[in-house]
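We did not get these values from a lab; they are worked out from the coordinates using the rules stated. None of the values given here were measured: they were computed from a predicted structure. Cβ sites come from the backbone with ideal geometry, for glycine too, and all protein chains shown count toward neighbours.
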Amino acid sequence: MNQEKILITGANGQIGTVLTEALQERYGVDNVIATDLRQPEHQQGIFEVLNVLDGEKMDHLVQKYNVTQIYHLAAILSASGEKDPRGTWKINMDGLFNVLDTAKNRNVSKIFFPSSIAVFGKDTPREFTPQNTVMLPTTVYGISKVAGELWGQYYFEKYGLDVRSIRYPGIIGYQSLPGGGTTDYAVDIYHKAVKGEHFSCFLKEGTTLPMIYMPDAIRATIELMEAPAEKITVRTSYNLAGMSFAPEEIAEAIQRNILSFQVSYDPDPLRQSIAESWSASIDDNQAKQDWGWQPEYDLETMTRDMIMNLEKKYAVV
Ligand code: AKB
């Protein structure tokens, strides 16, 4: 096998921070090029400043490092996106086109493009949302993800570019913080609980959403990218499920470990309406069938692991 050289955009983000380390461990520190708008405080390995709107610099970096794969994580998420719809469209779409065109023109053979449950909308079946279903999203982020999925498929069919994608649920992890999403409360709640603070939730009780624990999300991403090409039957994006819960259910799971933890509900209208337009649970049988996907964590096992790791983190700070 030729030595892969992997470039990651948005490497300082919630997923990027953890995925960069996982790819460094798997492919070697010198074979992973982390990029983002700013140099992070702590960075092991190769880092380059890159704005994904700068196609020339992207092209230069791809040539400089002989990049063979790009994980394109840089994007504006659902809630932030609504504050600047045109700006979000530009970053999410032009950034993707720069990646697709650079890959097509150079020696890049594989692309990972993260999609999201944000592709679904009010007309989508909310429970056990099928792989192929109505996709009429209400956010600019969701619209950009539907369009991105279709462009990925287009570049695969027209130019043979091996673009692979997952529709991530909300991702929960202790290593990094999300920013600007609708599912972010499910990370923040653990930080407040471990610090002994009260948590005010921006979603109402009963707002069930699909979520996944970070180790499962990272493993799914790498498993999809390493699957033989003939196993990949979906060239838009794969549904992926981990678990589903409402705010009061995650709060109760935390309270079983931290008895004094208290939560109140103060719904934010924007994020509440976005959450209500998304699925509550996801049918991911296609991913299971095609490349053997299996989640490992449920709400209880994730909660114990999150609390244990955050307790360690706050103890050393
Ligand atoms: C968000 O809440 O915007 C993201 C997502 C589900 O894509 N976490």
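For the chain, the relative contact order is 18 percent, taking Cα pairs closer than 8 Å that sit 6 or more residues apart in sequence and dividing their mean separation by the residue count.
Checking the a/c ratio against 1.5 first, then a/b against b/c, what shape does the Cα gyration tensor give for the stretch 93-216? Because a/c hits 1.5 or more and a/b exceeds b/c, the stretch 93-216 counts as prolate. Residue order for Val99, Val140, fewest other beta carbons within 10 angstrom first, comes to Val140, Val99.
With Cβ to Cβ distances under 12 Å as the rule, what net charge do the other residues near Pro267 carry (K, R +1; D, E -1)? Mind dumping the intermediate values first?
Values: positive: Lys204, Arg271; negative: Glu205, Asp266, Asp268, Glu276.
Combined, the nearby Lys, Arg, Asp and Glu give -2.
Ranked by how many other Cβ atoms sit within 10 Å of their own Cβ, fewest first, the residues Phe113, Phe120 fall in the order Phe113, Phe120.
Axis angle, to the nearest 10 degrees, between helix 299-316 and the longest C-alpha principal axis of the chain: 90 degrees. With contacts taken as Cα pairs under 8 Å and at least 6 residues apart, the stretch 98-179 reaches a relative contact order of 37 percent. Using C-alpha pairs under 8 Å with a sequence gap of at least 6, the mean separation divided by the residue count of the stretch 183-317 gives a relative contact order of 40 percent.
Taking GluC sites (Glu not before Pro) as candidate sites, keep only those in a DSSP loop with at most 12 other Cβ atoms within 10 Å, then name the longest stretch of the chain containing none of them.
Numbers: sites that count: Glu41, Glu127, Glu197, Glu296.
Counting only loop sites that pass the neighbour cut-off, the longest clear stretch is 198-295.
Would you kindly state the longest site-free stretch of the chain, with sites defined as trypsin sites (Lys or Arg not before Pro) in a DSSP loop (not H, G, I, E, B) surrounded by at most 16 other Cβ atoms within 10 Å? Don't skip to the end; give the middle numbers.
Values: sites that count: Arg38, Lys83, Arg106, Lys122, Arg126, Lys195, Lys204, Arg256.
Counting only loop sites that pass the neighbour cut-off, the longest clear stretch is 127-194.
Of Ala147, Ala11, Ala74, the residue with the greatest mean-square motion in the GNM of the chain, using alpha carbon springs below 10 Å, is Ala147.
When the dipole is taken about the Cα centre of the chain, and only Lys, Arg (+1) and Asp, Glu (-1) are charged at their Cβ, what size is it in debye, to the nearest 20?
Values: 29 positive and 41 negative charges, 114 e Å.
With Lys and Arg at +1 and Asp and Glu at -1, about 540 debye.
Under the classification rounded if a/c is under 1.5, otherwise prolate if a/b is larger than b/c and oblate if not, where does the chain fall, given a ≥ b ≥ c as square roots of the Cα gyration tensor eigenvalues?
Working: a/c = 1.66, a/b = 1.37, b/c = 1.21.
Since a/c reaches 1.5 and a/b is larger than b/c, the shape of the chain is classed as prolate.
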